[in-house]
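Visitor: Please see the structure below; I have some questions.
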Amino acid sequence: MIINNLVKNWEEIIGKKYSKLCYPKSINFAKNTPSPQAKLTIAVHNSAVGFFMNNNSEYIIEKIAALYGYKAVNKIIIIQEPKEFADKNI
């Protein structure tokens with residue numbers, strides 16, 4: 001449920017420009033901890049976007065916290081994967 005809400009609000013969280021170059025792939029919650037701690041995995045389509053996301057991870061965490069009203073994500077993991085295009089002739 002939380003990942004669906006992140007996808008729905010992704011442009012608001014990271015901005016229009018970067019929302020087209022990456023997306024929230026998954027969220028994992030730590031077990032056996034007194035407070036919920038989550039790791040958000042963001043898939044990026046190139047290394048420059050990955051660098052930006054890594055350097056702005058605290059800002060992204062704060063934006064997500066503002067969306068939910070509490071610190072829902074404690075850590076961001078960046079992975080790079082190729083972007084699939086609808087038209088293969090590009």
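Visitor: Assess whether V49 counts as being under 21 Å from Q80 (Cα atoms), in contact with a Gly (Cβ under 7 Å, 6 or more places away or on another chain), in contact (Cβ under 8 Å) with a residue 24 or more places away in the chain and open to solvent by less than 80 Å² (accessible area, probe 1.4 Å). Full working, then the answer.
Guide: Details: under 21 Å from Q80 (Cα atoms): yes; in contact with a Gly (Cβ under 7 Å, 6 or more places away or on another chain): no; in contact (Cβ under 8 Å) with a residue 24 or more places away in the chain: yes; open to solvent by less than 80 Å² (accessible area, probe 1.4 Å): yes.
The answer is no for V49.
Visitor: Filter the strands (runs of 3 or more DSSP E) completely within the stretch 15-86 down to those with at least 3 residues that are out of contact with any Pro (no Cβ under 9 Å at 6 or more places or on another chain) and farther than 17 Å from N5 by Cα.
Guide: Values: elements: 22-29, 38-44, 75-80.
Where strands (runs of 3 or more DSSP E) fall fully within the stretch 15-86 and carry at least 3 residues being out of contact with any Pro (no Cβ under 9 Å at 6 or more places or on another chain) and farther than 17 Å from N5 by Cα, they are 75-80.
Visitor: Something else about it: Within the stretch 1-14, work out how many residues are modelled with pLDDT under 90 and not in a helix (DSSP H, G or I).
Guide: 1
Visitor: Return yes when S26 is open to solvent by 20 Å² or more (accessible area, probe 1.4 Å), of a type outside the set (F, W, Y) and closer than 15 Å to I79 by Cβ and no when it is not. Step through it out loud before you land on a result.
Guide: Numbers: open to solvent by 20 Å² or more (accessible area, probe 1.4 Å): yes; of a type outside the set (F, W, Y): yes; closer than 15 Å to I79 by Cβ: yes.
Criteria met by S26.
The values are calculated or read from the model by the stated rules, or taken from the named source; none is laboratory data. This one's a predicted model, so the numbers in the text were calculated from it and none came from an experiment. Cβ sites come from the backbone with ideal geometry, for glycine too, and all protein chains shown count toward neighbours. Please note that ligands, DNA and RNA were not included when accessible areas were found on the heavy atoms of the full protein model with its side chains. Shrake-Rupley method; radii C 1.70, N 1.55, O 1.52, S 1.80 Å.
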